[in-house]
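Structure first, then comments.
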Amino acid sequence: MGIRDKGKLCITGAIIGAAAVVLTLLGNPGNMGFCIACFIRDTAGALHLHTAPIVEYARPEIIGIILGAFAISAVRGDFRPRGGSSPVLRFIIGFIVMIGALVFLGCPLRMVLRLGGGDLNALVGLLGFIAGIGIGCIFLNNGFSLGKAGRQSGLEGAAFPSSAVLLFVLFLAFPSLFLFSESGPGSMHAPVAAALGAGLAVGVAAERTRLCMAGGIRDIFLVRDFTLISGFAAIFAASLIGNIAAGSFRIGFADQPISHPMHLWNFLGMLAVGLGSVMLGGCPLRQLILAAEGSSDSAMAVLGMMAGAAAAHNFSLASSAGTGPGINGKIAVVAGIIILLAAAAGVTYRERRKA
Amino acid sequence: MRTLDTSGYSCPEPVIMTKKALKESPEGIAVIVDNRASKENVTRYASALGYSVEAAEGSGCWTLRISR
């Protein structure tokens, strides 16, 4: 069974890595075929939640991922409405994960795609991500748990994917409702049909294989299981090959697409993302998939990420490409890590007293 | 055989709960899981330790009998 799982994960990873390179060739920003954090941020901008003029676009990839995962989970009997496991804490953790990602300039998925494009800043981010996951595993091993979820109504479970459908219908029918960047990364995008199609394929494949960027490293730490990491490795391999074939592979730290060479902040940004992802039970991509499968708790994490993205641009927390974070972003990342550590310690202490 | 109910918990918690329970009862346990991801993860974990795992499907959940 392990080998079959690994095979499916490798195929899924290869699809994602290849689709990402194709989306970049079709117009998405460099090394940004997919980025869950950036695309939720762009969508928040399109919805007027922030008004940073260069990052506003309702990304069809996000809508496709949600709908693909929702459809396949409904067909295969994995759509299970459930919720009630510390929803507000999950919102806050999602918020901090987004700030960490926007200081690094990418979610864990984009981190791997950046590595595949030769961006060595992503290697520094990966070290921070591994450190954050390692810290999270210490808490998990000591009893950290956000608590039990209970069954919810079908309506509750369908609310999140239905909102994605409504967003997409409004995007197609009344585009004037939304803000669209005229320059910068938000203005760079693949045609709607290609972006939606790629999102659907990724949503279906990631739901079936439970692909998770944080889960792969976490499982190695926790149970010496190398299954999930194979998806991570396949995304890297496919994007590396794709970038070399497309002539877009350039190795180095300087002048990489939408990135910055501030090592400390790349490290700490991704540390926050790694720790937060372990606390949530999965990376931002996995949260989208779980929300589409009917998890109200993961939907809260996604809404937290959306609010975090709005805050990141309204309060100048996000890094600028090339120069990195300003003082606000640095303070926010450090404060975010402290809040995550305090929350994880508090929850772990409570669980140990219960046990 | 001791029964461990992991319903309502999402991965990786059922795996960690199974890991702890198997340390206390190394001869084997029954684990109730309520989602496919946990079912596969717990099965993979126990198999890697050399246990045999039999799954029985109930209403909206599975009981995994983990034994030597």
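Tabulated values for the structure
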quantity	calculated
Segment A:32-77 shape via C-alpha gyration tensor axes, a/c threshold 1.5	prolate
Furthest towards positive pole of dipole, A:Val88, A:Phe236, A:Thr323, structure part the protein assembly as shown, Cβ charges	A:Val88
Overall Cα dimensions of the protein assembly as shown, principal axis frame, Å, largest first	64, 42, 41
Cysteines in chain A that, by Cβ-Cβ distance, have no pairing candidate under 4.7 Å	A:Cys10, A:Cys107, A:Cys137, A:Cys212, A:Cys283
Placed amide H near B:Ile32: partners under 5 Å, 5+ positions off or other chain	B:Leu4, B:Asp5, B:Thr6, B:Leu64
Prolate/oblate/rounded label for segment A:69-118 (Cα gyration tensor, a/c 1.5)	oblate
Segment A:180-283: trypsin sites (Lys or Arg not before Pro) in DSSP loop, at most 10 other beta carbons within 10 Å	A:Arg224
Within straight-line cross-link reach of B:Lys39, lysines at Cα separation under 30 Å, skipping those fewer than 8 residues along the same chain	A:Lys6, A:Lys8, A:Lys148, A:Lys354, B:Lys19, B:Lys20, B:Lys23
Loop-located trypsin sites (Lys or Arg not before Pro) in segment A:6-109 whose Cβ has at most 16 other Cβ within 10 Å (DSSP)	A:Arg76
Counting DSSP beta bridges with both ends in chain B, the antiparallel % (nearest 5)	75 percent
Assigned charges on the beta-carbon of Lys, Arg, Asp, Glu; chain A dipole about Cα centre (debye)	1000 debye
Dipole of the protein assembly as shown, positive end: most advanced residue of A:Leu23, A:Pro284, A:Gly216 [Cβ charges, Cα centre]	A:Gly216
Alpha carbon centroid spacing (whole Å) that separates segment A:324-345 from segment A:48-64	24 Å
Charge dipole (debye, nearest 20) of segment B:2-67; +1 at Cβ of Lys and Arg, -1 at Cβ of Asp and Glu	180 debye
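Laboratory data are not the source of any read-out in this text; all were calculated from the coordinates shown. The structure displayed is predicted, hence computed values, not measured ones. We place every Cβ from the backbone using ideal geometry, glycine too, and count neighbours over all the protein chains shown.
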